[in-house]
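Shown next, in structure tokens, is the structure this report addresses.
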Amino acid sequence: MTIGSMLGDVVKSFFKKPVTEKYPFVRQEAPENLRGKLVWEPEKCTGCMLCVKDCPSNALELIVLDKVNKRFVMKYNLDQCTFCAQCVINCRFSCLNMSEEQWELASTNKEPFEVYYGREEDVKFLLEKASRGEAEGPCKED
Amino acid sequence: MNITFPSLIALLLFPGGLFLLGSGLFFEYLDRKLVARFQNRIGPRWFQPLADFIKLLAKEEVIPAGTIKSLFILLPIFALAAALTAALSVPLFGFKPVFSYNGDLIVTLYLLSMMTLCIGLAGANTEDRFSIVGATRALTQLFSYEAPFLLAMLGPAIALGTWNISLINQGATQQSLWFIVSQPIGFLAALIGLMGKLELPPFDAPEAETEIVAGALTEYSGRGFGLFKIGRDIELVVGLTLIASFYLGGFSTPLDFLWKVFVLLLITAALQSLFARLRIDQTVGLWWRIGAILVLCQLVLIIVGNTLSPFIAPLLGG
Amino acid sequence: MEAKQKSEKFIVPIGPQHPALKEPGHFEFTVDGEIVTNATARLGFVHRGMEKGVEDRNWTQGLYLMERVCGICSHVHAMAYALGVEKLANIQAPPRAQAIRELVAELERIHSHLLWLGVAAHEGGFDTLFMFSWRDRETVMDLLETITGNRVNYSANVLGGVKIDINDAQKDALRRGMDFLEERTKHYLKVVTEDETFLGRTRKIGVMTFEEATLLGAIGPTGRASGVQRDVRVDSPYAGYPDFPVNIVTSDAGDLEARFVVRIKELYESYRLVREIVDHLPGGDLTVKVPRRIPEGEVISRVEAPRGELFYFMKSNGTDKPERIKVRTPSLCNWGSVLTTAIGHKLADMPMILAGIDPCFSCNDRLVMINGKKTETQVWDWEDLRQYGIEYYK
Ligand code: SF4
Ligand code: SF4
């Protein structure tokens, strides 16, 4: 039976540095294997679509420019991704990996969340085509 | 310090009026900051209470259906006015009070209770269930701490034989022994009574947010709520000043005032963070079963001591 | 309707929006002065249609949807689902994967119980304990983030195993974290069993006897605090629990204090388990292959979530999508105990009694329509449902 049994904590914490942080000014470091933004390496991709098929939130779209020459562009909707890493497990050629980047998903518009991966000229080609308004429909699961 | 200000300035600017409002906000900041530090948090920045206040003033005030409109609007003003008036006879910041007369102690103590009465009325005025429960609790709490608090404040007054606050303050400075040593029960009762008055944790049952949202003030928004809030801040200043001047050996300079009040604030903040909220029946039980009796005993002792003092004074050397 | 007949009584409504409830639920407490004389609950404000939604996804995608049934106990949902699918496909995840599943589940229990400790203290107006227990909870959150990469929905499972492995640096971090937390938890146990003001709010409050608990079907720590010897981890061990068994923690007191004590002592068990798993992690693979099409069949999968028994019924029709998934979450079983124990207590005790079962609202909500005339079928589109909802809550 005591009264004020947290006295020790209270007094100690008065002289300690607070544990809370002024968030936007002070940022915590991300742990080493944080599942952040997905990265895709086009070189190894075979276009098997396994990653797209099992993504629970339809965050991935593989746009095929030229199937024979293996020219693909991956459109990655960062805001839809749930960072579950299922796609990383699914890809047998380890094209996909999760980086430590980007864990603050707040913005006033959608643009920063539309990420295109692929060879530079392919992405450029695709975006130009899109701006002309005749983009191919993206390849979806079905 | 024996500077006297022209009464208009003293009333509106310094040390009453505007300056008092400012220091009320500052005290609230200090209180919040200290509690935060006790809980290992950073706490608010210095302008947070002011920002809150301005925001509240700028907000729309919703007057709910089923209330007496004029009462709803007038009560916060009344509460703030009472708190400001209470400050007039108190030696704020170590300066001489603006109005000082014999018996101002009783008037000030009653003015300090106005706040709770207004809050109780404000709660009973609306039809909100939370408000009504909150008002009942606020008034119940008032009846439990009021008498012990009054008796605790009377202790030094009786010991010094005057009911004039500034005379008590002067008397306290001249005492060789601070009243906190000679009347420790009174000091505790006064400090805890003040916390009950201000509905600070653990005596925040009347506004326990997890049960009854904001208690009696649930229906208040905007201006009314802001005025109640700042009224309470001023009460904090006035109450702490009173206790410091009575029990911590009084003060005659602002510096003296500051450190004494800061120590008191430190203690209240620590008390606030140490305990779980008391249920209203526990609060009442605590005050009437323990608080009131102890304070009464002490008062009897003081009176007996006072009557006997001519005989034993030489023995105590004071 | 009932409320209207008793309109002369003073009813205090709590929810759907109320500072005490972080999730929407609606309670009506009839009070006489401060004493509660009747209590009713109404749920269903956050029905999300997940059971239906999962029928539209393939088996793998379903895992991630079910993981999001609850934000606090996400891993146990995914684990129950994955274990169920594995049972249907008649495969077994490798021992290392099972151990890691148990490890994450226990870490999740630690984070959930510490969270609850803070919330319950806050309901009782003891904000300092709230702040401190949440501060220390950050330790386990950071550990979970270090080993899984995510803070809330860890996604540690895949069908047939786990995604993550534990390396030596992580093992050390886990050991250090457990040491720190154990010391803090000892302190909190002392606070909740010795602090006079806090005991005034918990001792002999909300007492539920063993008979009542069995009658009302209380489960999890709520039931165990009333002496119900039931814990799925012990009764029918799953995942890594056969290799790393737990000791059941119970108490006979049945009051709020007992619920605190049982949960805190369960924390000790979890610390011990985490240490044991870290020290004796079996080697081997992390996954086995699971076919895309799951063979036809029905299965029941049960795991012990931090709040009690979590129950999954799964039915497959041999395609790559589930035919039916039925989830029964633990909070649902404990509502009855709240409403019964509430009567006769003070209004001020309600938040703590409510919090005593560690309630979780959104996972309870289902839409059940009973169609009296059996022959008719009904098709409702979105607009109809919306209209129905508006009418229902009017
Ligand atoms: S991490 Fe998950 S949600 Fe994100 S793209 Fe990969 S599969 Fe989709
Ligand atoms: S799974 Fe890998 S190889 Fe297949 S499409 Fe996706 S990224 Fe390319």
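The values are calculated or read from the model by the stated rules, or taken from the named source; none is laboratory data. This structure is a prediction, so every number in the text was calculated from the model and none was measured. Positions of Cβ are backbone-derived with ideal geometry, glycine not excepted, and every protein chain shown enters the neighbour counts. Only protein heavy atoms, including side chains, enter the accessible area calculation; ligands, DNA and RNA are left aside. Shrake-Rupley method; radii C 1.70, N 1.55, O 1.52, S 1.80 Å.
Would you please classify the overall shape of the stretch C:31-187 from the alpha carbon gyration tensor, given that a ≥ b ≥ c denote the square roots of the eigenvalues, rounded means a/c under 1.5, and beyond that prolate means a/b larger than b/c while oblate covers the rest? Note, shape of the stretch C:31-187 comes out oblate.
What 222 nm value per residue comes from the helices of chain B, counting each DSSP H run with n ≥ 4 as -39,500 (n - 2.57) and dividing by all residues, nearest 500 deg cm²/dmol?
When only DSSP H runs of four or more count, the value is -23000 deg cm²/dmol.
I'd like to check one number: the per residue accessible area of the stretch A:34-131, probe 1.4 Å, reported in Å² as a whole number.
That works out to 51 Å² per residue.
Computed over chain B with a Gaussian network model linking Cα atoms closer than 10 Å, the most mobile of B:Leu88, B:Leu217, B:Leu258 is B:Leu258. If you take all other residues with their beta carbon under 12 Å from the beta carbon of B:Gly224, and give Lys and Arg +1 and Asp and Glu -1, the sum is +1.
Once a ≥ b ≥ c are taken as the square roots of the eigenvalues of the Cα gyration tensor of chain C, is the result rounded (a/c under 1.5), prolate (a/b larger than b/c) or oblate (a/b not larger than b/c)? Oblate, because a/c is 1.5 or more while a/b does not exceed b/c. For the stretch B:148-288, calculate the relative contact order in percent as a whole number, restricting contacts to Cα pairs under 8 Å that are 6 or more residues apart. After rounding, I find 34 percent.
With a 1.4 Å probe and every protein chain kept in, tell me what percent of the accessible surface of chain C is carbon plus sulfur. Of the solvent-accessible surface of chain C, carbon and sulfur hold 53 percent.
Excluding C:Thr340 itself, calculate the net charge of residues whose Cβ lies under 13 Å from the Cβ of C:Thr340, where each Lys or Arg counts +1 and each Asp or Glu counts -1. Value of the local net charge: -2.
Our summary gives the stretch B:14-307 a relative contact order of 29 percent, counting only alpha carbon pairs under 8 angstrom and 6 or more residues apart. Across the stretch C:28-110, C-alpha contacts under 8 Å between residues 6 or more apart give a mean separation that, scaled by the residue count, equals a relative contact order of 16 percent. With all projection directions averaged, the alpha carbon convex hull of the stretch B:213-318 covers 10.6 nm². Where does the charge balance sit around B:Leu198 when Lys and Arg score +1, Asp and Glu -1, over other residues with C-beta under 12 Å from its C-beta? Local charge sum for B:Leu198: -4. Going by a ≥ b ≥ c, the root eigenvalues of the Cα gyration tensor, does chain B fall in the rounded group (a/c under 1.5), the prolate group (a/b larger than b/c) or the oblate group? Prolate, because a/c is 1.5 or more and a/b exceeds b/c.
Starting with the highest mean, order C:348-360, A:65-77 by the number of other Cβ atoms within 10 Å, averaged over the residues of each peptide.
On the way: C:348-360: 25.5, A:65-77: 15.9.
Output ranking for C:348-360, A:65-77: C:348-360, A:65-77.
At a Förster distance of 35 Å, what's the computed FRET efficiency of C:Asp168 paired with A:Ser57, Cβ-Cβ distance as r, to 0.05? Efficiency for this residue pair is about 0.55.
Note on chain C: GNM, Cα springs under 10 Å; of C:Ala239, C:Ala20, C:Ala169, the largest mean-square fluctuation is that of C:Ala169. Positive-end ranking of C:Val85, C:His26, C:Thr222 along the dipole of chain C, with charges on Cβ about the Cα centre, is headed by C:Val85. Result for chain B in a Gaussian network model with C-alpha springs under 10 Å: among B:Glu199, B:Glu28, B:Glu209, the largest mean-square fluctuation is at B:Glu209.
Between helix B:104-125 and chain B there is an angle of about 20 degrees, using the helix long axis and the longest principal axis of the Cα atoms. Computed about the Cα centre, the dipole magnitude for chain B is approximately 440 debye when only Lys and Arg (+1) and Asp and Glu (-1) carry charge, each at its Cβ. Sketch the reach of a paramagnetic label on C:Asp285 as a point 7 Å from Cα along Cα-to-Cβ, and name the residues of the stretch C:83-121 whose backbone nitrogen lies under 11 Å away. Residues C:92-95 fall inside that zone. Each Lys and Arg Cβ is given +1 and each Asp and Glu Cβ -1; about its Cα centre, the stretch C:227-321 then shows a dipole of about 400 debye.
Return the value, in Å² to the nearest 100, of accessible area buried between chains C and B (probe 1.4 Å, both sides summed). Counting both chains, the buried surface is close to 2300 Å².
For the segment B:274-287, counting C-beta atoms of other chains within 10 Å of every residue's C-beta and taking the mean gives 6. Computed about the Cα centre, the dipole magnitude for the protein assembly as shown is approximately 380 debye when only Lys and Arg (+1) and Asp and Glu (-1) carry charge, each at its Cβ. What FRET efficiency, computed as 1/(1 + (r/R0)^6) with R0 = 30 Å and r the Cβ-Cβ distance, is obtained for A:Thr20 and C:Gln17, rounded to the nearest 0.05? Efficiency for this residue pair is about 0.70. Loop-located GluC sites (Glu not before Pro) across the stretch A:6-98 with a Cβ neighbour count of 15 or fewer within 10 Å are A:Glu21, A:Glu29, A:Glu32, with loop assigned by DSSP. Sparse packing (at most 15 other Cβ atoms within 10 Å of the Cβ) combined with a DSSP loop state is found for the following GluC sites (Glu not before Pro) in the stretch C:280-327: C:Glu296. Surface composition of the stretch A:34-131: carbon plus sulfur atoms contribute 50% of the solvent-accessible area (1.4 Å probe, protein chains only, all chains present).
The smallest convex shape that holds all Cα atoms of the protein assembly as shown, its convex hull, gives 215 Å³ per residue.
Spatially close Lys pairs in the stretch C:82-289, defined by Cα atoms under 17 Å apart and a spacing of eight or more places or different chains, total 5. Peptide C:61-71 has a mean shielding of 3, counted as Cβ atoms of other protein chains within 10 Å of each residue's Cβ.
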